[in-house]
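The values are calculated or read from the model by the stated rules, or taken from the named source; none is laboratory data. The structure presented is a predicted model; accordingly, all values stated were derived computationally and were not measured. Backbone-built Cβ (ideal geometry, glycine too); neighbour counts: all protein chains shown. Just the protein is used for accessible areas: all its heavy atoms, side chains included, with ligands, DNA and RNA removed. Shrake-Rupley method; radii C 1.70, N 1.55, O 1.52, S 1.80 Å.
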Amino acid sequence: MLTREENEALTRVGPGTPAGELLRRYWHPISLAQDLSDESPTKFVRVLGEDLVLFRDKSGRTGLIADKCAHRNASLVYGREEERGISCAYHGWLYDCEGNILETPPERNDAVMKNVKTIAYPAVVYCGLIWAYMGPDPVPPMTHYDTLFRDDVHRKVVLHPVLDCNWFQAMENSM
């Protein structure tokens, strides 16, 4: 039986927690690539305790940034995809895939664009999945597990319903 402190250390995965800092050092599949389309260019995702928005801009790049706009805290899941990123539906602040603010309509604010940045994580599409790395720099290459990178295999992605428990309980139960 785990103590309360041991359980907290193993199961909390938010930023700054022991388990969260460990798990952020790996690439995680966070969505099916087909979930982003011209009809649905954004998707809300909660990954390792963080609320994020996944999007594909009009130039085809995939972005993963904090869900809330740095200006008025509006959800970016309702944002518009643009050629250079995603713009907030509320006042139109434009963010690129790296979390940089590119525009602050209706007036240009150079101080904000130089000094304010939203949380952003690298996201790549591979094998029909979108993968995210949420750890410190430098960003490592994806581990070349043979089941992911071989060309002579058939892959099948199975989605399971969201479990209302922590990751440790799900793993313990699957053992």
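What are the residues in segment 130-149 that are of a type in the set (A, V, I, L, M, F, W, C) and open to solvent by 30 Å² or more (accessible area, probe 1.4 Å), if any?
Those that are of a type in the set (A, V, I, L, M, F, W, C) and open to solvent by 30 Å² or more (accessible area, probe 1.4 Å): Val139, Leu148, Phe149.
If we scan segment 68-91, do we find a residue that is over 20 Å from the mean Cα position of the chain (by Cα), free of Cβ contacts under 8 Å to residues at least 24 places away in the same chain and open to solvent by less than 80 Å² (accessible area, probe 1.4 Å)?
Taking every residue of segment 68-91 in turn, at least one turns out to be over 20 Å from the mean Cα position of the chain (by Cα), free of Cβ contacts under 8 Å to residues at least 24 places away in the same chain and open to solvent by less than 80 Å² (accessible area, probe 1.4 Å).
Kindly list the number of the only condition in (1) free of Cβ contacts under 8 Å to residues at least 60 places away in the same chain; (2) part of a strand (DSSP E or B); (3) open to solvent by 60 Å² or more (accessible area, probe 1.4 Å) that fails for Lys43.
(3)
Please pick out the residue among Ile119, Ile101 that is touching a residue at least 60 places away in the same chain (Cβ under 8 Å) and either open to solvent by less than 30 Å² (accessible area, probe 1.4 Å) or under 22 Å from Val47 (Cβ atoms) (or both).
Sole residue among the options that is touching a residue at least 60 places away in the same chain (Cβ under 8 Å) and either open to solvent by less than 30 Å² (accessible area, probe 1.4 Å) or under 22 Å from Val47 (Cβ atoms) (or both): Ile119.
Among the residues of segment 46-67, count how many are open to solvent by 70 Å² or more (accessible area, probe 1.4 Å) and under 30 Å from Cys165 (Cβ atoms).
1
Between a residue in segment 1-19 that is among the aromatic types (Phe, Trp, Tyr) and any residue that is at pLDDT below 90 and assigned to a helix (DSSP H, G or I), which pairs come within a Cβ distance under 8 Å, given they are 6 or more apart or on different chains?
Listed pairs, sorted by first residue: none to list.
Looking at (1) open to solvent by 100 Å² or more (accessible area, probe 1.4 Å); (2) under 14 Å from Pro29 (Cα atoms), which is the only condition Cys127 fails?
The single condition Cys127 does not satisfy is (1).
Show me the strands (runs of 3 or more DSSP E) found entirely inside segment 50-127 where at least 3 residues are farther than 27 Å from Leu23 by Cβ.
Values: elements: 50-56, 62-66, 101-103, 123-126.
Of the strands (runs of 3 or more DSSP E) lying wholly inside segment 50-127, those with at least 3 residues that are farther than 27 Å from Leu23 by Cβ span 101-103.
Being within 15 Å of Val124 (Cα to Cα) and outside any strand (DSSP E or B) is the requirement here; does Ser31 meet it?
no
Is it fair to say Lys156 is open to solvent by 100 Å² or more (accessible area, probe 1.4 Å) and either in contact (Cβ under 8 Å) with a residue 24 or more places away in the chain or in a helix (DSSP H, G or I) (or both)?
It is false that Lys156 is open to solvent by 100 Å² or more (accessible area, probe 1.4 Å) and either in contact (Cβ under 8 Å) with a residue 24 or more places away in the chain or in a helix (DSSP H, G or I) (or both).
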